[in-house]
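Visitor: Pasting in a structure now, in structure tokens, and then I'll have a few things to ask.
Every number here is computed from the coordinates shown, using simple stated rules; none is lab data. Everything numeric here is computed off the predicted structure, so don't read it as measured data. Positions of Cβ are backbone-derived with ideal geometry, glycine not excepted, and every protein chain shown enters the neighbour counts.
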Amino acid sequence: MPSDLELLARLLLAAVLGGAIGAERELADQPAGLRTHMLLTIGACLFTLVSAYGFGGSTDPSRLAAQIVTGIGFLGGGAILRHGLNIRGMTTAASIWATTSLGVTVGVGRYLLAAGATVLVLATLFGLRALRDWLHRWSSSREEFTLVTGVSFDVQRVVELARREDISVRGLDQERGDGGGRVTLVARLPARYPAERLVEALTRLDGVREVEWER
């Protein structure tokens, strides 16, 4: 059985690996960031260590690992949020799931495998984001815009603007209140069409006070 110092070192390594992924999520301004991912790897690693070494040699650590995989799905589901007409948080939910597996991997002593998996996860989050942005520049992209409007704003103006700009409207929702209204537009922009151009055009519409765009 490993010494307590080695087990503590495993917990520390799990925290470092989880923190590396959590830092990326923190920089991306996601709801589950640095502390969440570190706690995930520490907790998963500690559960694995206790299962493997805390109850004697007759226990089966794989049983607890299976429960961790099942239970973490609930936490990952909490990171998936509805934002206007879009669903956000899928990548963060996937990173939570992957980060937990790193804690289990460190807990069973597969350090090189855990480190390599961390590099692959970070390469996916960082590198593929750049690739995604490059692909968006050369293909049509789906964007969401929120318009803060006056009470009497006619949403048909947005439809007419989209038609003039050759933009496909995928979703259009209007909410009215006493002091004004909000219009959520989900649009498919043509290839190499800058979203800033649509923001500027929407801002010029009569009755639009402000336009918010999720980058």
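Visitor: Rg and Dmax of the stretch 153-209, using alpha carbons, in Å: what are they?
Guide: Answer for the stretch 153-209, Rg first and Dmax second: 11.5, 39 Å.
Visitor: Take VAL151 and TRP213, extend 7 Å from each Cα along the Cα→Cβ direction, and tell me the distance between the two endpoints in nm.
Guide: A separation of 3.1 nm, rounded to one decimal place.
Visitor: If you don't mind, there's one more thing I want to ask. Taking the Cα-to-Cβ direction at ALA23 and at ASP173 and moving 7 Å from each Cα, how far apart do the two end points lie in nm?
Guide: According to this spin-label approximation, the distance is 3.7 nm.
Visitor: To continue, here is another question. Kindly state, to the nearest 0.05, the FRET efficiency for LEU12 paired with ALA94, given R0 = 35 Å and r defined as their beta-carbon distance.
Guide: Details: r = 25 Å, r/R0 = 0.71.
E between LEU12 and ALA94, to the nearest 0.05, is 0.90.
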